[in-house]
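The values are calculated or read from the model by the stated rules, or taken from the named source; none is laboratory data. What you are looking at is a predicted structure, and each value in this text was computed from that prediction instead of being measured. Cβ coordinates were reconstructed from backbone atoms using ideal geometry, including for glycine residues, and neighbour counts include every protein chain displayed. Ligands, DNA and RNA are stripped out before the accessible areas are found, and what is left, the full protein with its side chains, is counted by its heavy atoms. Shrake-Rupley method; radii C 1.70, N 1.55, O 1.52, S 1.80 Å.
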Amino acid sequence: MSLDAQLAALSAMSPAALRAAWRDAYRTPPPAITPELMARAVAARLQERRHGGLPGSVAKEIARLTARLRRGDDVVATHEVRLKPGTRLVRGWRGRTINVLVTADGFEFEGRQYGSLTRITHEVTGTSWSGPRFFGLRGRKAVLAGKVDHRG
C-alpha cells in the first residue's frame, strides 16, 4: 500500500484500529490520547519511515531544550544556521554584489581566505557590523516561554 493510501486510511480507522496501528508504528502500547492525536502521530511515524527523520543534531538539540523546559528554565530559540563548505553567500551592498564561498577553513572572498564573516563585512562596509547578521544568517531571538528579546 502506498504512503498516501496509508495516510488516507488513518482518518477512517476506528479507535481500536488506531491503537493497533500505533503498536505497529511505535512498538509500544498506545498512550491514552484522543484518536485524532493518535492518527496524527502514526501518520508522522509513517512519513518519517518513508522520508527519513530529523538529523541527529536536531534531535539532540530538541532533547536538550526539552530538559531545560522541564527544569523550568527559559529556552531561547536562536535559529542557528550551520553552513556547509561549498555554500555561497550573496548579498548586495551599495550597488555591489558580495559573493562569499564557505570553505572547510572559513570563508573565501575575492580570492582571499577569512576566518570570519565579520572580517569580510568590515572590509566591505568599513563598519563593525556582525558578519552573520549582514548576510542574513542571524535574526532576532525569541524566548519560547512567550517573551521576545528585541535587542538580538
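Brief remarks on what is shown
- The residue pairs whose first member lies in the range 83-109 and is surrounded by 11 or more Cβ atoms within 10 Å (Cβ to Cβ), whose second member is assigned to a loop (DSSP other than H, G, I, E, B) and polar (S, T, N, Q), and whose beta carbons are closer than 8 Å, counting only pairs six or more residues apart or on different chains, are 101/87; 102/87; 106/116; 107/116.
- Candidates 16, 9, 25, filtered to the one that is loosely packed, with under 11 Cβ neighbours inside 10 Å, hydrophobic (A, V, I, L, M, F, W, C) and either free of Cβ contacts under 8 Å to residues at least 60 places away in the same chain or within 30 Å of residue 115 (Cα to Cα) (or both): 16
- Flag for residue 46 being surrounded by 14 or more Cβ atoms within 10 Å (Cβ to Cβ) and within 30 Å of residue 11 (Cα to Cα): yes
- Matching option when the condition is hydrophobic (A, V, I, L, M, F, W, C), closer than 30 Å to residue 7 by Cβ, modelled with pLDDT under 90 and open to solvent by 90 Å² or more (accessible area, probe 1.4 Å), among 144, 65: 144
- Condition check for residue 118: out of contact with any Cys (no Cβ under 8 Å at 6 or more places or on another chain), surrounded by 13 or more Cβ atoms within 10 Å (Cβ to Cβ) and among the polar types (S, T, N, Q): yes
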